[in-house]
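To start, the structure itself, in C-alpha cells.
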C-alpha cells in the first residue's frame, strides 16, 4: 500500500472521530486519536526512496496494512451527534445551526435532549436546498422540563375577526387555572390556510400562551360555521364555503376588480364574499414593494384597505396610486367581510350617482 494513501485514510478516520466527539465521549475519542497519531508516527519512519524488490516490498507492506486494518476494526466509526433543542415548532441543533422540521420531529419521536445525527445528501433539483437525513443516536436519560406546552386537536372558532382555540379535545384550555382562548397568529393562518372549524395542534409557552405556534393541521372534515351574516337590504346569502355559489347570490360586484390591502386574518372571507357577488378578488399585505402595489392598483376598479391590519408604509403609497390612476378607494375601520362588501357597494352606488 502507498504511504501517502495510508496517511490520507488515517487522517480521514481521525476527522470522523473529531466530528463525533461530544462531552460524554471525550476520553474515548482521545484514546482513539492517540492510536492514530502513534500509527502515523511509525509510518513516517518508512523510506519512500528505498528500492525494494517484490519480496521485500511485500514484507514491508503487509505488516503496515495489517496494522491499519486492526486499528480500524478495533476503533469503529463514530457518527457525529448533536444535542436537540425543542422549539415551539420543530427544533434546532445549535452546534451546526440546523433546523429540524416539525414533521421530522413527529415522525422520529424526537424529544428535547436527544442526540441527533445529520447526513447531508446532496441538493434538491427544484429548490436547491440540501436534502438532510436525521437519525436519533441517543435518547435522553431523564425528562427535561422546558417552557413548552402542546394542545392537541383544537377546533378553531371565528370571533371578532380572529381565529381562536378554546378547547383541546373535549377539555377547556386554561392558564393560571382560568379558561383561556389562544389567538392564532396571522402567519400561521396564512401558512396553513386556516379557517373556522379546522382542527389543529398548538404549542405555546407555559409561562405565556400568547406566544404560540400551530404545529400541525389535522385533515379532518369538520362542518364550517357560517361567518357572514345575510344583509337585509339584499337577497344574497353566503353559504358554507364547501358548497357551490348559490343562485341567490347578489351580483352587485359583477365584472369589477376589488383590490384589498391588509386584513390577513380575514383574507379568505374577503375572497369568498367578493367572488360570491361576481367580483374579481386581488389582495396584498401592504408590505410588498411599491411597484407591486402600483401594478395592482392599476388593475383595480375599487381599492379597500384595512386600517387595523395595515402599516403606514403600505397605506400612503396605496392612497397616492389610487389618486394617480383615478381608482375609487376607501380606508376601512372595521375588518369584517360583510363591512367590506358594504363599503364596496357604497363606492359603486356613489360613483353611479355622480
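Once you have a ≥ b ≥ c as the square roots of the Cα gyration tensor eigenvalues for region 78-201, tell me rounded if a/c is under 1.5, and otherwise prolate or oblate according to whether a/b is larger than b/c.
Judged from the Cα gyration tensor, region 78-201 comes out oblate (a/c at least 1.5, b/c at or above a/b).
What number, in percent, do you get for the relative contact order of region 149-218 if the mean sequence gap of Cα pairs under 8 Å and at least 6 apart is divided by its residue count?
35 percent
Taking the Cβ of each residue in 139, 267 as the centre, tally the other Cβ atoms inside 10 Å and list the residues starting with the fewest.
Arranged by neighbour count, lowest to highest, 139, 267 become 139, 267.
Return 98, 318 ranked ascending by Cβ neighbour count within 10 Å, so the fewest neighbours appear first.
Final ranking by Cβ density, sparse to dense: 98, 318.
Rounded, prolate or oblate for region 289-352? Axes are the square roots of the Cα gyration tensor eigenvalues, ordered a ≥ b ≥ c, and the cut-off for rounded is a/c under 1.5.
oblate
Return the Cα extents of region 149-218 along principal axes one, two and three, sorted largest first, each rounded to a whole Å.
If we take the Cα atoms of region 149-218, the spans are 31, 24, 20 Å.
Find how much the distance from residue 30 to residue 177 grows on full extension, using 0.36 nm per residue of separation minus their present alpha carbon separation; answer in nm with one decimal.
47.7 nm
Would you mind listing how long region 253-335 runs along its three principal axes, going by Cα atoms, in whole Å with the largest first?
Reported extents, whole Å, longest axis first: 30, 26, 20.
Please order 86, 294 by the number of other Cβ within 10 Å, starting at the fewest.
294, 86
Using Cα-Cα distances under 8 Å and only pairs 6 or more residues apart, what relative contact order does region 257-353 have, in percent?
Computed over region 257-353, the figure is 32 percent.
Every read-out reported here was derived from the displayed coordinates using simple, explicitly stated rules and does not represent laboratory data. On a predicted model such as this, the values are computed, not experimentally measured, just so you know. Methodologically, a virtual Cβ is constructed for each residue, glycine included, from the backbone with ideal geometry; neighbour enumeration extends over all protein chains shown.
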